[in-house]
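Participant: Just passing along the structure, written as structure tokens.
The values are calculated or read from the model by the stated rules, or taken from the named source; none is laboratory data. Since we're looking at a predicted model, the values are computed, not measured. Here the Cβ positions follow ideal geometry from the backbone for every residue, glycine too, while neighbour counts run over all protein chains shown. With ligands, DNA and RNA removed, areas are computed over all heavy atoms of the protein, side chains included. Shrake-Rupley method; radii C 1.70, N 1.55, O 1.52, S 1.80 Å.
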There are 2 protein chains.
Amino acid sequence: MMRPRVGHIQFINCLPLYYGLVKNGVLWDVELMKDTARELSRHLLESKLDISPIPSIEYSRHWRELTLLPDLSVSCDGAVTSIFLVSKLPINELHNRKIALTNTSRTSQVLLKIILEDKYHIHPSYFECPPNLGSMLREADAALLIGDSALHIHYQVPNGLYAYDLGSEWKSLTGCKMVFAVWAARQSFALENPELVRDVQRSFVHSMTYSMSHVEQVAKDAARWESFDADFLQAYFTTLQFSFDTEHQQGLKEYYRRAQALGHIAEMPELTFLEV
Amino acid sequence: MMRPRVGHIQFINCLPLYYGLVKNGVLWDVELMKDTARELSRHLLESKLDISPIPSIEYSRHWRELTLLPDLSVSCDGAVTSIFLVSKLPINELHNRKIALTNTSRTSQVLLKIILEDKYHIHPSYFECPPNLGSMLREADAALLIGDSALHIHYQVPNGLYAYDLGSEWKSLTGCKMVFAVWAARQSFALENPELVRDVQRSFVHSMTYSMSHVEQVAKDAARWESFDADFLQAYFTTLQFSFDTEHQQGLKEYYRRAQALGHIAEMPELTFLEV
């Protein structure tokens, strides 16, 4: 029996989960691999990982090979503060304009396209590039930013630019929560090792509960190593939602329905969960 | 300020250190990268890591770029039980015979050559190959095994084969302890961040002390995931030495002196330590 190989998103939004893993000694019983959500998804599908958080869009493309872990996600209900469209023009004037897309999050790229199509009925042209606002806005009229660079926008919107929080935009379009990442096991691994996957699921839920009930300390400890202060981090961590209840599931299905209608995914995935 | 990037040897001999890191919450304050000792050494020299355990032979080749962390090593004083020469013939009959070398440890390769040259005065021919005893002994009269496969030899020597523990052989040749790995920081990083390196050094020493004073529990927890039982692991962990006192340093210098005399390293490295 080997330790299960488990992925961890190496981004500030999953710091509370990691904090809980550290404080609860869980890292002894899993082989943790840190990477971007997209890379983790690739490793999971290539059997280099057994269990991992993956972007919502990746789940929809490979759901037949995967089993979801209950009660875990990275979601928001309204503002998310770490995914922004930053624009030289008001958003409704972006028709036929060029938009630069950060190349690190397909889930957010599709989310932006849904919002612009379904809410504003505009059709810009898109191109992918690395996440640097300056160079993005030299080539384009607007830019999709996620992660640290988006959090800096939330901190202070640069003079003369418009900034749209995609969590808020999604909420006002659909009334739904937005799910950015889910936790999944390879189905074959979950069938062969159901107890082990349940152990990992319980440990992660426990870690997250621990962190959220100590969120002030998490933020204080995180501020030692991050480029944001503790108050800002605490506000961010409590804006995020890490559970995966029926409202989250409804929001995820609404995202998939709209993504499919616009041709971004081939079919509606089923949400198949590990039995716990 | 970023978390220091710290290497960890992903092998059973460093499990006690990892256990202490987990139990003491240290993994929050370092960015841990797990790999083989040789790969960690490469990452350290390429500035992908700041602090790492590295094989003794790698320190000798790059000591001018490195600063040693005091009080940390992976050593033995006599039998090591995880590095064996397994032979079809008694060791003193291996002159001009072929010896297969596990390709994962240069430090052990040089150690074997020193023992055969200096103690038995024999000159076999060597070739490198993956660590599989069966295929090694189809091509060669003896094989250098390290790690898990060597521990299995210690558990039970296969019928009709001779097995020589290189820790014991070194001790009987020199009377010295043998140091297999040392902890080092890139010198430039240590000069710029002396307090941070001292923090990491203290945490690691503290973790190791914690683990060795709870070694029965470490072995019990490790046995859940390893292919050895708790008693065997406890015996192995207490056979290893993780300190780096003057006797270890003398043993390391003796190893370097003999390695240089036989042409395996170009010069005697200085042991330059971080001031703590």
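Participant: Can you tell me which of A:LEU262, A:LEU252 is under 20 Å from A:CYS76 (Cβ atoms) and more than 14 Å from chain B (Cβ to nearest Cβ)?
Facilitator: On the way: A:LEU262 fails: under 20 Å from A:CYS76 (Cβ atoms).
When all the criteria are applied, what remains is A:LEU252.
Participant: While we're here: Modelled with pLDDT under 95, closer than 25 Å to A:GLN250 by Cα and open to solvent by less than 30 Å² (accessible area, probe 1.4 Å) - does that describe any residue in the range A:175-189?
Facilitator: No, there is no match, as no residue in the range A:175-189 is modelled with pLDDT under 95, closer than 25 Å to A:GLN250 by Cα and open to solvent by less than 30 Å² (accessible area, probe 1.4 Å).
Participant: Any idea which residue in the range B:119-150 is farthest from B:ASN13 (Cα to Cα), counting only those that are open to solvent by 30 Å² or more (accessible area, probe 1.4 Å) and touching a Ser or Thr at 6+ places or on another chain (Cβ under 6 Å)?
Facilitator: Going residue by residue through the range B:119-150, those that are open to solvent by 30 Å² or more (accessible area, probe 1.4 Å) are B:119-121, B:123, B:125-128, B:130-135, B:138-139, B:141, B:146, B:148-149.
Next, from what is left, pick out any that are touching a Ser or Thr at 6+ places or on another chain (Cβ under 6 Å): B:131, B:146.
Working: B:PRO131: 17, B:ILE146: 11 Å.
Ranking the candidates gives B:PRO131 first.
Participant: Then there is this: B:VAL200 fails exactly one of the following numbered conditions: (1) more than 17 Å from the chain's Cα centre (by Cα); (2) open to solvent by 60 Å² or more (accessible area, probe 1.4 Å). What is the number of that condition?
Facilitator: (2)
Participant: Considering only the range A:102-118, how many residues are open to solvent by 50 Å² or more (accessible area, probe 1.4 Å) and not in a loop (DSSP other than H, G, I, E, B)?
Facilitator: In the first step, residues of the range A:102-118 are kept if they are open to solvent by 50 Å² or more (accessible area, probe 1.4 Å); the result is A:103-104, A:106, A:117.
So of that shortlist, the ones also not in a loop (DSSP other than H, G, I, E, B) come out as A:106, A:117.
The number of residues fulfilling the criteria is 2.
Participant: Please go through the range B:235-267 and pick out each residue that is free of Cβ contacts under 8 Å to residues at least 24 places away in the same chain and under 14 Å from B:TRP170 (Cβ atoms).
Facilitator: B:LYS253, B:ARG257, listed by residue number.
Participant: I'd like to know if the range A:56-73 contains one or more residues that are within 14 Å of chain B (Cβ to nearest Cβ) and touching a strand residue (DSSP E or B) at 6+ places or on another chain (Cβ under 9 Å).
Facilitator: no
Participant: Looking at the range A:152-173, which of its residues are open to solvent by less than 30 Å² (accessible area, probe 1.4 Å) and at pLDDT 95 or above?
Facilitator: Of everything in the range A:152-173, those that are open to solvent by less than 30 Å² (accessible area, probe 1.4 Å) and at pLDDT 95 or above turn out to be A:ASP165, A:LEU166, A:GLY167, A:GLU169, A:TRP170.
Participant: Further question on the same structure: Just for the range A:1-29: of the residues that are more than 25 Å from A:LEU233 (Cβ to Cβ) and more than 8 Å from chain B (Cβ to nearest Cβ), which one is most open to solvent (accessible area, probe 1.4 Å)?
Facilitator: Initially, the range A:1-29 is screened for residues more than 25 Å from A:LEU233 (Cβ to Cβ), giving A:1-5, A:28-29.
Remaining after also requiring more than 8 Å from chain B (Cβ to nearest Cβ): A:4-5.
Working: A:PRO4: 3, A:ARG5: 84 Å².
In this case the residue turns out to be A:ARG5.
Participant: Okay, moving on. Which of the numbered conditions does B:ARG42 fail, given that it passes all the others? Conditions: (1) modelled with pLDDT under 95; (2) open to solvent by 10 Å² or more (accessible area, probe 1.4 Å).
Facilitator: Tallying (1) modelled with pLDDT under 95; (2) open to solvent by 10 Å² or more (accessible area, probe 1.4 Å), B:ARG42 fails exactly one: (1).
Participant: Of the conditions (1) over 18 Å from the mean Cα position of the chain (by Cα); (2) under 30 Å from A:HIS121 (Cα atoms); (3) not in a loop (DSSP other than H, G, I, E, B), A:LEU89 clears all except one; give me its number.
Facilitator: Condition (3) is where A:LEU89 drops out.
Participant: Looking at A:GLU216, A:GLU192, can you tell me which residue is open to solvent by 60 Å² or more (accessible area, probe 1.4 Å), closer than 23 Å to A:ILE51 by Cβ, more than 13 Å from chain B (Cβ to nearest Cβ) and free of Cβ contacts under 8 Å to residues at least 60 places away in the same chain?
Facilitator: A:GLU192 is the lone residue from the list that is open to solvent by 60 Å² or more (accessible area, probe 1.4 Å), closer than 23 Å to A:ILE51 by Cβ, more than 13 Å from chain B (Cβ to nearest Cβ) and free of Cβ contacts under 8 Å to residues at least 60 places away in the same chain.
Participant: Now for a separate question. Just one of the numbered conditions (1) under 16 Å from A:ALA184 (Cα atoms); (2) not in a helix (DSSP H, G or I) is not true of A:LEU44; which one?
Facilitator: Just one mismatch for A:LEU44, condition (2).
Participant: Name the single residue that is farthest from B:VAL22 (Cα to Cα) among those in the range B:219-237 being more than 10 Å from chain A (Cβ to nearest Cβ) and surrounded by 20 or more Cβ atoms within 10 Å (Cβ to Cβ).
Facilitator: Looking at the filtered set, the residue picked out is B:TYR236.
Participant: What tally of residues in the range A:135-168 results from selecting those that are of a type in the set (Asp, Glu) and farther than 28 Å from A:ASP35 by Cα? Talk me through it step by step, then tell me what you get.
Facilitator: As a first pass, look at the range A:135-168 and keep what is of a type in the set (Asp, Glu): A:139, A:141, A:148, A:165.
Add one more test, that the residue is farther than 28 Å from A:ASP35 by Cα, and what stays is A:139, A:141.
Number satisfying all stated conditions: 2.
Participant: While we're here: If you go through the range A:248-276 one residue at a time, how many are under 18 Å from the mean Cα position of the chain (by Cα), among the hydroxyl-bearing types (Ser, Thr, Tyr) and open to solvent by 30 Å² or more (accessible area, probe 1.4 Å)?
Facilitator: 0
Participant: I would also like to ask the following. Are any residues in the range A:1-36 out of contact with any helix residue (DSSP H, G or I) (no Cβ under 7 Å at 6 or more places or on another chain) and more than 22 Å from A:VAL179 (Cα to Cα), and if so, which ones?
Facilitator: A:MET1, A:MET2, A:ARG3, A:ARG5, A:ASP29, A:GLU31, A:LEU32
Participant: Moving on to the next point. Within the range B:32-50, is even one residue within 12 Å of another protein chain (Cβ to nearest Cβ), in contact with a strand residue (DSSP E or B) (Cβ under 8 Å, 6 or more places away or on another chain) and over 25 Å from B:PRO269 (Cβ atoms)?
Facilitator: yes
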